[in-house]
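Novice: My structure is below; once you've seen it, I'll send some questions.
The values are calculated or read from the model by the stated rules, or taken from the named source; none is laboratory data. All values reported here derive from a predicted model rather than from experimental measurement. A quick note on method: Cβ atoms are made from the backbone with ideal geometry, for glycine too, and the neighbour counts reach across all protein chains shown. Accessible surface areas use protein heavy atoms only, side chains included; no ligands, DNA or RNA. Shrake-Rupley method; radii C 1.70, N 1.55, O 1.52, S 1.80 Å.
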Amino acid sequence: MNKEQFLKQLNASLTRLSLEEREDILQDYEEYFEIGMEEGKSEQEISKSLGNPKQISKELMATYHLGQVEQTTSASNVMRAVWAVIGLGFFNLVIVLGPFIALIGVVIAGWATAIAFILAPFGVLFNLVIGTFQLFDLFFALGLCGIGIFIAMGMFVATSALTKGFIRYLKFNASLVKGGLKND
């Protein structure tokens, strides 16, 4: 594949990026071709040494989405980063998606428990309406409500820590897929 074909394929694979970012990336790859040609390599040799443009675009998209998550940690940015890293290879489907689903399950279970405990006093009101109210129920529900508040505070910290840890895991995984860990 020659320079024009390579750059055209790379550009087509990066349509989800802004025009400015695409032009920046394409300019970098044009420079790779210029440097290679100065060294006496043909366009085909350079494109072969650079790799598959579609795989390069997947790696660039994963890096882009991981950067977006660092700037603004939102559920949609995390999901985009997860799918971008999964897209780097089939093996990542198991290695990334499995832990992601497990973490989501833990976070949802923790928040559901906190909310259920906090809302326990409303069960006492229901018992009052149907006529089976006991004083023990009131104190037990208030105790659960207090525990629920502590669980909610803990889940706030845990959700933040798990999100940051999972983002680090995604970066680690993406760096492994791109070519292994480099000693910086």
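Novice: Would you mind telling me which numbered condition in (1) open to solvent by 60 Å² or more (accessible area, probe 1.4 Å); (2) over 17 Å from the mean Cα position of the chain (by Cα) Gly51 fails?
Specialist: (1) is the only condition that Gly51 fails.
Novice: Cβ-Cβ below 9 Å, separation at least six or inter-chain, first residue in segment 137-161 and closer than 16 Å to Ile108 by Cβ, second open to solvent by 30 Å² or more (accessible area, probe 1.4 Å) and of a type in the set (D, E, K, R): which pairs?
Specialist: none
Novice: Working carefully through the options Lys171, Lys164, find the one that is surrounded by 15 or more Cβ atoms within 10 Å (Cβ to Cβ), among the charged types (D, E, K, R) and part of a helix (DSSP H, G or I). Outline the logic, then answer.
Specialist: Details: Lys164 fails: surrounded by 15 or more Cβ atoms within 10 Å (Cβ to Cβ).
Result of the check over Lys171, Lys164: Lys171.
Novice: Does segment 64-76 contain any residue that is crowded, with 19+ Cβ neighbours inside 10 Å, over 14 Å from Phe166 (Cβ atoms), among the hydrophobic types (A, V, I, L, M, F, W, C) and at pLDDT below 85?
Specialist: So far as segment 64-76 goes, no, none of its residues is crowded, with 19+ Cβ neighbours inside 10 Å, over 14 Å from Phe166 (Cβ atoms), among the hydrophobic types (A, V, I, L, M, F, W, C) and at pLDDT below 85.
Novice: Six or more apart or on different chains, Cβ under 8 Å: which pairs go from a residue in segment 1-29 that's acidic (Asp, Glu) to one that's surrounded by 13 or more Cβ atoms within 10 Å (Cβ to Cβ)? Could you list them?
Specialist: Taking only residues 6 or more apart or on different chains, the pairs are Glu21/Leu14; Glu21/Tyr64.
Novice: Quick one: in segment 1-31, which of the residues that are among the basic types (Lys, Arg) and over 23 Å from the mean Cα position of the chain (by Cα) is most open to solvent (accessible area, probe 1.4 Å)?
Specialist: Within segment 1-31, the match that is most open to solvent (accessible area, probe 1.4 Å) is Lys8.
Novice: May I ask you to list pairs of residues, at least six apart or on different chains, whose Cβ atoms are under 9 Å apart, with the first in segment 65-78 being touching a residue at least 60 places away in the same chain (Cβ under 8 Å) and the second being among the small types (Gly, Ala, Ser)?
Specialist: Listed pairs, sorted by first residue: Leu66/Ala81; Leu66/Ala84; Leu66/Ala174; Val69/Ala81; Thr73/Ser160.
Novice: Moving on. So which of Lys48, Lys41, Lys54, Lys58 is under 30 Å from Lys164 (Cβ atoms) and of a type in the set (Lys, Arg)? If you could, list the steps in order and put the result at the bottom.
Specialist: On the way: Lys48 fails: under 30 Å from Lys164 (Cβ atoms); Lys41 fails: under 30 Å from Lys164 (Cβ atoms); Lys54 fails: under 30 Å from Lys164 (Cβ atoms).
Step by step, each of Lys48, Lys41, Lys54, Lys58 is checked, and only Lys58 is under 30 Å from Lys164 (Cβ atoms) and of a type in the set (Lys, Arg).
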